[in-house]
Amino acid sequence: MKEVLIVYYSQSGQLLDIVQNVASSIEGKNVNITYYRISPENDYKFPWKQEDFYDAFPESFLQIPCELKPPKADILERKYDLIILGYQVWYLTPSIPINSFLKSDVAKKLLDQTPVVTVIACRNMWLMAQEKMKRLLVACNAKLVGNIALVDRHINHISVITIVHWMLGGKKTKYLGIFPKPGVSDEDVKASEKFGTPIRKALLTNDYANLQDELLALDAVKVKPLLIQTDIRGNVLFTKWANLIIKKGPSGNPKRKKLLVLFKYYLLFAIWAIAPIVFIVFLATYIPRYNKIKRDKAYYSSVSLKNN
């Protein structure tokens with residue numbers, strides 16, 4: 001009997017729907033699936049309050065862990081043949097609960113020498129978050145064998161409006177009745193069950209060598225070249241902001257409030273004013289940078305980790 005553990009943290013339930021759909025075509029004869037929802041001691045409420053959402057930025061980006069409730073004893077008593085790790089992206093980084101889990105002794109015990117498939121559900125930028133995830137998995141002595149990244153397919157500025165409606169309002173509905181529904185589309189959530197077929201085959205044969213290629217053939221990952229540089233540049237700027245804010249104290253400290261308000265307006269300015277300029281520069285330099293863009297696209301679609 002093959003043992004599979006699905007570790008996840010989902011606020012709205014979207015990510016749980018996705019991993020359950022993936023699991024639906026893995027489970028069955030000779031496969032037993034166990035779920036483990038990561039639970040912070042002080043959970044992050046959904047829908048978000050606006051001030052809480054921005055206050056989570058420094059700890060999210062700087063990957064500062066929070067306290068977690070321990071998993072049930074029976075989860076720790078088994079050795080798993082495969083772990084599926086479902087995570088959200090917060091501020092270009094794996095969410096605080098997922099990051100906290102991966103830095104825990106529990107994760108080091110569960111993940112040691114274990115194949116891992118990551119499943120991401122986010123708005124659009126996940127590339128650098130996955131690079132951070134790769135390094136966290138290496139620290140746990142785990143082996144990343146597959147990645148699935150599902151995103152909001154609508155254009156950037158539309159998805160910004162709709163995701164705010166969802167995060168702060170708590171309902172995955174059409175904003176004002178005219179905007180598209182936020183998040184990963186219902187069709188993509190339902191279709192995610194197709195990814196379980198190659199995962200099950202790799203699990204039963206204990207051969208993961210070609211799993212990511214098979215997942216890519218099913219459109220498990222779509223790397224948009226424009227977002228590579230946007231994500232990298234965003235990480236540079238977020239580093240400066242996060243380090244500046246964290247000096248004012250930990251989460252909830254009123255001394256951070258003024259800087260968090262400034263960060264909020266900077267973020268809005270970056271999305272609405274700087275992003276279009278970045279797009280123009282990207283188009284202007286696309287041809288001379290074509291070969292590098294092609295290499296980058298292949299790398300970020302893979303499960304490899306650069307030495308640097």
Going by the conditions given, is Val281 aliphatic (A, V, I, L, M), more than 26 Å from Asp52 (Cβ to Cβ) and in contact with a strand residue (DSSP E or B) (Cβ under 6 Å, 6 or more places away or on another chain)? no
Check the range 211-225 and report whether any residue there is surrounded by fewer than 18 Cβ atoms within 10 Å (Cβ to Cβ), among the polar types (S, T, N, Q) and at negative phi. no
Looking only at the range 255-266, decide whether some residue is under 17 Å from Phe61 (Cβ atoms) and either assigned to a loop (DSSP other than H, G, I, E, B) or among the hydroxyl-bearing types (Ser, Thr, Tyr) (or both). yes
Only one of Leu237, Leu211 is farther than 27 Å from Leu62 by Cα, at pLDDT 95 or above and not polar (S, T, N, Q). Can you tell me which? Leu211
Return the pair list, or none, for Cβ contacts closer than 8 Å from residues in the range 180-191 that are under 11 Å from Asp17 (Cβ atoms) to residues that are in a helix (DSSP H, G or I) and of a type in the set (Val, Ile, Thr), at least 6 apart or on different chains. Gly183/Thr162; Gly183/Ile163; Val184/Ile18; Val189/Ile18
Inter-residue pairs, beta-carbon under 9 Å, first in contact (Cβ under 8 Å) with a residue 24 or more places away in the chain and under 9 Å from Tyr9 (Cβ atoms) and in the range 82-96, second small (Gly, Ala, Ser) and in a strand (DSSP E or B), 6+ apart: Gly86/Ala121; Tyr87/Ala121; Gln88/Ala121
Would you confirm whether any residue within the range 164-177 is in contact with a Ser or Thr (Cβ under 9 Å, 6 or more places away or on another chain), of a type in the set (Ser, Thr, Tyr), buried (at least 16 other Cβ atoms within 10 Å of the Cβ) and in contact (Cβ under 8 Å) with a residue 12 or more places away in the chain? yes
Can you tell which of Ile64, Ile18, Ile26 is assigned to a loop (DSSP other than H, G, I, E, B) and surrounded by 19 or more Cβ atoms within 10 Å (Cβ to Cβ)? Ile26
Hits in the range 61-86 - residues which are of a type outside the set (A, V, I, L, M), under 24 Å from the mean Cα position of the chain (by Cα) and under 14 Å from Lys109 (Cβ atoms): Pro70, Pro71, Tyr80
From (1) without any contact (Cβ under 8 Å) to a residue 40 or more places away in the chain; (2) under 10 Å from the mean Cα position of the chain (by Cα), pick out the condition that doesn't hold for Thr114. (2)
Taking the range 283-306, which residues are closer than 17 Å to Leu215 by Cβ and part of a helix (DSSP H, G or I)? Lys297, Ala298, Tyr299, Tyr300
Leu244: more than 22 Å from Leu136 (Cβ to Cβ) and either in contact (Cβ under 8 Å) with a residue 40 or more places away in the chain or in a helix (DSSP H, G or I) (or both), yes or no? yes
Across the range 186-203, what is the total count of residues that are more than 13 Å from Gly146 (Cα to Cα), among the hydrophobic types (A, V, I, L, M, F, W, C) and in contact with a helix residue (DSSP H, G or I) (Cβ under 6 Å, 6 or more places away or on another chain)? 1
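The values are calculated or read from the model by the stated rules, or taken from the named source; none is laboratory data. This one's a predicted model, so the numbers in the text were calculated from it and none came from an experiment. Using ideal geometry, Cβ is built from the backbone for each residue, glycine included, and neighbour counts are taken over all protein chains shown.
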